[in-house]
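The values are calculated or read from the model by the stated rules, or taken from the named source; none is laboratory data. None of the values given here were measured: they were computed from a predicted structure. Don't worry about glycine lacking a Cβ; one is built from the backbone with ideal geometry, like all the others, and counts go over all protein chains shown. Keep in mind that these areas ignore ligands, DNA and RNA; they rest on the heavy atoms of the full protein, side chains included. Shrake-Rupley method; radii C 1.70, N 1.55, O 1.52, S 1.80 Å.
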Amino acid sequence: MEEKIEGLKYLLSLSYVAIERSDEHEEVKRNLAFSVYSFGLLFESGEMTAPDNLLIKNRACYLISPEMHPEYAANKEYFDGLPMGEHTFVKGGGVTVDGKIKFDAGGYLWRKCVDSGLLSGMDAIEPTKYHLYELVYRLLTLSSVTDELKAMWYIFFPYIIEMGAPYEEEIYYKLRAIVLTEENFKNVLESKYSDRIYVTTKDMVLGGANPVVIDWFLEYTEWKNVKNDKGISRELEKYQRLLVMGDYAYVVKGTERMLDAMPDNEELFLLNMTAKVSLAGSLDEKERNVIFDEIIRDAQEALPSPLKKKKNYIAYYLGLAFLGKKEIDKAENSFKLSLTYDPKFELAEMMLKGMDKVIK
């Protein structure tokens, strides 16, 4: 849930920036910002008590001092005693945020501020909250829309589908035309949030996904699983690049997610082991031993399998895990086992020579 909210917060932030940079009239900007904000509140995005600055600038939300509250004069003692260092819901509307009272356009306190004359002009007009399909379409057709914003809404739009928003066919197909392109698929794949999408089409269908979600993701799941001449899919290729860049934790998480859907993929299995061994060096002893135990378990289960062809690598990683746990004899036997599968396997030979020097 925490990762989901992190992604949604980032999506909201990108949307606010695009709205601000667009050439839309200020009233439309206000409506868009308010609609994005309202969508975020459905997922407890945190903006109730930590609004984006662009929400204030576009007057979707407001901040006032307690003295400006329409009921201050009648309840001076109460307002003066508000714990402003905390997020406290205020009698008469609003919530305390950084020494101010924050409230939303169109809400209870907003209405009181309009009636009292504190807000006037466009501020006194209740903003339009667009239907969610229309909101996303408006965002993706802004003059300021970025490739990243398109990719992020492609990833997260199914949340709108799954929450039961009314299906709007015409807008849906307009959205598909915008996001179902190879250029967008490349941007989606490179996003750190692309792991919110199903691994394979089969995984999606058998998992009982909403038919509209299946239609939304179908072309992408097929595209990312296309293999090159070495039998490596586009998604697996992504994790190989990230491994080289040192993002070991993300590779471990991503490859484990993929292994759940394709447990017999040996290249994926070995990449996962490589990432775990690499990650272990940055962990404390307790976490490191957990990783090593996982490698030992997985390697011992994989070695007897006729589906695994690169058993020299599997035995090698088994040896590294035993070595990490300081089980020297088991590590040595594992490296020797690796050489029975490939007598010229240099990695195992080097480990045995190094261990021999240390022991001597």
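List, please: which pairs have Cβ atoms under 7 Å, are six or more places apart or on different chains, and start with a residue in the stretch 198-217 that is surrounded by fewer than 19 Cβ atoms within 10 Å (Cβ to Cβ) and end with one that is among the small types (Gly, Ala, Ser) and assigned to a helix (DSSP H, G or I)?
Listed pairs, sorted by first residue: 200/261; 203/261.
What is the number of the single condition among (1) under 26 Å from residue 246 (Cβ atoms); (2) of a type outside the set (A, V, I, L, M, F, W, C); (3) surrounded by fewer than 12 Cβ atoms within 10 Å (Cβ to Cβ); (4) touching a residue at least 40 places away in the same chain (Cβ under 8 Å) that residue 317 does not meet?
It is condition (3) that residue 317 fails.
Could you check residue 350 against (1) free of Cβ contacts under 8 Å to residues at least 12 places away in the same chain; (2) in contact with a Phe, Trp or Tyr (Cβ under 7 Å, 6 or more places away or on another chain) and say which number it fails?
For residue 350, the exception is condition (2).
Kindly list, by first and then second residue, each pair from a residue in the stretch 40-69 that is open to solvent by 70 Å² or more (accessible area, probe 1.4 Å) to a residue that is assigned to a loop (DSSP other than H, G, I, E, B), limited to pairs with Cβ atoms under 7 Å and residues at least 6 apart or on different chains.
Final answer for the pair search is 42/163; 68/118.
Just one of (1) open to solvent by 80 Å² or more (accessible area, probe 1.4 Å); (2) modelled with pLDDT under 95; (3) outside any loop (DSSP other than H, G, I, E, B) trips up residue 356, so point out which.
The one condition residue 356 does not meet is (1).
Show the residue pairs that are 6+ apart or on different chains and have beta-carbon atoms under 7 Å apart, the first residue being within the stretch 22-38 and open to solvent by less than 10 Å² (accessible area, probe 1.4 Å), the second being of a type in the set (Asp, Glu).
As it stands, the answer is 37/47, since those pairs meet every condition given.
Just to be sure I understand, how many residues within the stretch 270-281 are open to solvent by 20 Å² or more (accessible area, probe 1.4 Å) and either assigned to a helix (DSSP H, G or I) or modelled with pLDDT of 95 or more (or both)? Walk me through it before giving the result.
As a first pass, look at the stretch 270-281 and keep what is open to solvent by 20 Å² or more (accessible area, probe 1.4 Å): 274, 277-279, 281.
From what is left, the residues that are either assigned to a helix (DSSP H, G or I) or modelled with pLDDT of 95 or more (or both) are 274, 277-279.
Looking only at that region, the number is 4.
Residue-wise test of (1) of a type in the set (Ser, Thr, Tyr); (2) open to solvent by less than 30 Å² (accessible area, probe 1.4 Å); (3) under 21 Å from residue 33 (Cα atoms); (4) in contact with a Phe, Trp or Tyr (Cβ under 9 Å, 6 or more places away or on another chain).
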{"site": "141", "(1), (2), (3), (4)": "yes, no, yes, no"}
{"site": "149", "(1), (2), (3), (4)": "no, yes, yes, no"}
{"site": "154", "(1), (2), (3), (4)": "yes, yes, yes, yes"}
{"site": "157", "(1), (2), (3), (4)": "no, yes, yes, yes"}
{"site": "161", "(1), (2), (3), (4)": "no, yes, yes, yes"}
{"site": "188", "(1), (2), (3), (4)": "no, yes, no, yes"}
{"site": "192", "(1), (2), (3), (4)": "no, no, no, yes"}
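Mind listing whichever residues of the stretch 127-139 are without any contact (Cβ under 8 Å) to a residue 60 or more places away in the chain, open to solvent by less than 40 Å² (accessible area, probe 1.4 Å) and either out of contact with any Asp or Glu (no Cβ under 6 Å at 6 or more places or on another chain) or of a type in the set (Lys, Arg) (or both)? Break it down stepwise before answering.
Filtering the stretch 127-139 down to residues without any contact (Cβ under 8 Å) to a residue 60 or more places away in the chain leaves 131, 133-134, 136-137.
When the remaining residues are screened for being open to solvent by less than 40 Å² (accessible area, probe 1.4 Å), the result is 133, 136.
Hit for the stretch 127-139 is 136, nothing else.
Consider the stretch 290-307. How many of its residues are aromatic (Phe, Trp, Tyr) and open to solvent by 30 Å² or more (accessible area, probe 1.4 Å)?
As a first pass, look at the stretch 290-307 and keep what is aromatic (Phe, Trp, Tyr): 292.
Checking the rest, the ones that are also open to solvent by 30 Å² or more (accessible area, probe 1.4 Å) come to none.
The total comes to 0.
Can you name the residue in the stretch 218-231 that is hydrophobic (A, V, I, L, M, F, W, C) and surrounded by fewer than 17 Cβ atoms within 10 Å (Cβ to Cβ) and, of all such residues, is farthest from residue 167 (Cα to Cα)?
The first filter runs over the stretch 218-231 and keeps only residues hydrophobic (A, V, I, L, M, F, W, C), leaving 218, 223, 226.
So of that shortlist, the ones also surrounded by fewer than 17 Cβ atoms within 10 Å (Cβ to Cβ) come out as 218, 226.
Numbers: 218: 18, 226: 31 Å.
Taking the candidates together, the pick is 226.
May I ask you to list the residues in the stretch 103-126 that are open to solvent by 10 Å² or more (accessible area, probe 1.4 Å) and either on the phi > 0 side of the Ramachandran plot or assigned to a loop (DSSP other than H, G, I, E, B) (or both)?
Within the stretch 103-126, 106, 107, 116, 117, 118, 119, 120, 121, 125, 126 meet the criteria.
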